[in-house]
Amino acid sequence: MRVPYEYAVIQAVPRIERGELINVGVVLYCQRRDFLQARTHLHEDRLRALDPQADTKAIGEALASWSATCTGAGAASAMSLGERFRWLVAPRSTILRAGPVHMGLAIDPAEELQRLENILVR
C-alpha cells in the first residue's frame, strides 16, 4: 500500500547575494511510517564552480547536521519527527536551505528517498 510522504531538496547557496544554488540532498518525512531521513551528497566541483572560495569542509559538516537532526541528535531529541521536519524545511537565509516542500506516494519511504536523491542530487 502506498502512503503519502513529504520531501524537500536541500540546497547549497554559497553566495546568497547571487542566488545561485546546487542540490546537495533530500529530506523525506512519512508520518504514517514514522520515517524521517536526509540523504546528502556534496559535489565539491559543482559547488566551487559557483564559489571558488566555498568552505566545502564546513558545508559538509553542516550537511551532516541535517541527518543528525532527523535522528534526534541534540535539541531535536525533544521534538517529534514532524516537528523536526518542519524545523528543517523552515525558510532561512543561510548557505544550506530547503527548497519547497512537495508531496508524493510511495510503498517504501527509504527506497523513495534513494530514488529522489539519485534523480535530484546525483
Next item on the list: Would you work out the relative contact order for the stretch 3-120, in percent, from Cα pairs under 8 angstrom that are 6 or more residues apart?
Entry: 37
Note to self: At most 15 other C-beta atoms within 10 Å and a DSSP loop state: those are the exposed GluC sites (Glu not before Pro) I care about. Give me the longest piece of the chain that has none.
What the structure shows: 21-122
Note to self: For a quick check: sort Met79, Met103 by the number of other beta carbons within 10 angstrom, fewest at the front.
What the structure shows: Met103, Met79
Next item on the list: Taking the Cβ of each residue in Phe85, Phe35 as the centre, tally the other Cβ atoms inside 10 Å and list the residues starting with the fewest.
Entry: Phe35, Phe85
Next item on the list: Mind checking the stretch 75-106 for trypsin sites (Lys or Arg not before Pro) that DSSP puts in a loop (not H, G, I, E or B) and that have at most 14 other Cβ atoms within 10 Å?
Entry: Arg92
Margin query: Viscosity 1.567 mPa s, temperature 4 °C: what is the translational diffusion coefficient of the chain from Stokes-Einstein with a Kirkwood Rh over Cα pairs, rounded to a whole number of µm²/s?
Written below: 88
Note to self: Using a Förster radius of 22 Å, what is the FRET efficiency between Arg122 and Lys57 based on their Cβ-Cβ separation? Nearest 0.05, please.
What the structure shows: 0.60
Check: trypsin sites (Lys or Arg not before Pro), restricted to the stretch 4-76: which are DSSP loop and have at most 13 other Cβ atoms within 10 Å?
Finding: Arg15, Arg18
Checklist line | Sorted by Cβ density within 10 Å, fewest first, the residues Ile22, Ile119, Ile10 | finding: Ile119, Ile22, Ile10
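Readers should treat all values here as calculations from the given coordinates under stated rules, not as data from a laboratory. Computed from a predicted structure; not experimentally measured. All Cβ positions, glycine included, derive from the backbone under ideal geometry; neighbour counts span all protein chains shown.
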